[in-house]
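These notes concern the structure reproduced below.
The values are calculated or read from the model by the stated rules, or taken from the named source; none is laboratory data. Everything numeric in this text was worked out from a predicted model, so none of it was measured. Here the Cβ is made from the backbone with ideal geometry for all residues, glycine too, and neighbour counts use every protein chain on show.
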Amino acid sequence: MSGIVRSVYGVVAIVATVGVTGAYASQTSAGQTPPRTPVQTTAKTPPQSTARTSTAKPLTDAQFVMKASEGGKKEVALAKVALTKVSNDDVKAFAQRMVTDHSAADNELAALAKTKKIAVRASAPPASLPAAKGAAADKKYMEMMVKDHEEDVALFEAESQNAKDADLKAWVDKTLPTLRDHLKQARDVYSKVSK
């Protein structure tokens, strides 16, 4: 963009700001109240993630492997704890699926990491759910699973785009549809237990 065009845009922005400020000042000095912006409310929806955005610096393949491995182990540990606290049959089925699917994926990733000489943790960090049991535990666990799987999908999508290693990219692309299905199922179950 040329310097002249930038200058013109700058002048337009200043004029617009002064015009709005002047209009506001004249309304308030004349005893009028300025117009109010309506407040918008939102319906109850599953929690939204704080997953990395596309502007974040991509992880290296080794960083991704370590993060994915730790996340998978955490999902398994949390699901095992959940199975002792939840009461809803759909939540129990989801937790059992997490144990099965994430254990299998973690075993595959560990084998791949070994061939690439990337060290991963042997065990999961401690997992816990709030002291609640029954319906409260159902809701809290599923809320956590929606958030975790939103982050997982974002992480795997970024790695699919940025992976340097062809074997790792193949594993990511094979695993991603399962994670997307976990996210869909987590949202569905959450919507049932959060009513």
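Would you mind stating whether ASP181 is within 17 Å of LYS67 (Cβ to Cβ) and acidic (Asp, Glu)? Break it down into steps so the answer makes sense when it comes.
On the way: within 17 Å of LYS67 (Cβ to Cβ): no; acidic (Asp, Glu): yes.
When the stated conditions are applied, ASP181 does not pass them.
Regarding LEU59, is this residue out of contact with any Lys or Arg (no Cβ under 7 Å at 6 or more places or on another chain) and touching a residue at least 60 places away in the same chain (Cβ under 8 Å)?
No, not satisfied.
If I ask for residues that are of a type in the set (Val, Ile, Thr) and in a helix (DSSP H, G or I), which ones from segment 62-100 would you list?
Those that are of a type in the set (Val, Ile, Thr) and in a helix (DSSP H, G or I): VAL65, VAL76, VAL81, VAL91, VAL99, THR100.
Quick one: count up the residues across segment 172-189 that are of a type outside the set (Asp, Glu) and either farther than 14 Å from HIS102 by Cβ or surrounded by fewer than 18 Cβ atoms within 10 Å (Cβ to Cβ) (or both).
Within segment 172-189, the subset of a type outside the set (Asp, Glu) is 172, 174-180, 182-187, 189.
From the residues that got through so far, the ones that are either farther than 14 Å from HIS102 by Cβ or surrounded by fewer than 18 Cβ atoms within 10 Å (Cβ to Cβ) (or both) too are 172, 174, 176-178, 180, 184, 187, 189.
Total meeting the criteria: 9.
With the structure loaded, tell me whether SER87 is out of contact with any His (no Cβ under 9 Å at 6 or more places or on another chain), under 15 Å from LEU179 (Cβ atoms) and not charged (D, E, K, R) or whether it fails that test. Break it down into steps so the answer makes sense when it comes.
Details: out of contact with any His (no Cβ under 9 Å at 6 or more places or on another chain): yes; under 15 Å from LEU179 (Cβ atoms): no; not charged (D, E, K, R): yes.
When the stated conditions are applied, SER87 does not pass them.
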message: Against the definition (at pLDDT below 95, not acidic (Asp, Glu) and not in a helix (DSSP H, G or I)), how does ALA122 come out, yes or no?
response: yes
message: I'd like to know if segment 118-133 contains one or more residues that are under 14 Å from GLY71 (Cβ atoms) and in contact with a Gly (Cβ under 9 Å, 6 or more places away or on another chain).
response: yes
Inter-residue pairs, beta-carbon under 8 Å, first without any contact (Cβ under 8 Å) to a residue 12 or more places away in the chain and in segment 114-133, second of a type in the set (D, E, K, R) and not in a loop (DSSP other than H, G, I, E, B), 6+ apart: PRO130/LYS140
query: Here are VAL91, VAL99: which of them is β-branched (Val, Ile, Thr), modelled with pLDDT of 95 or more, assigned by TED's automatic domain parsing to the domain that holds THR175 and crowded, with 20+ Cβ neighbours inside 10 Å?
result: VAL91
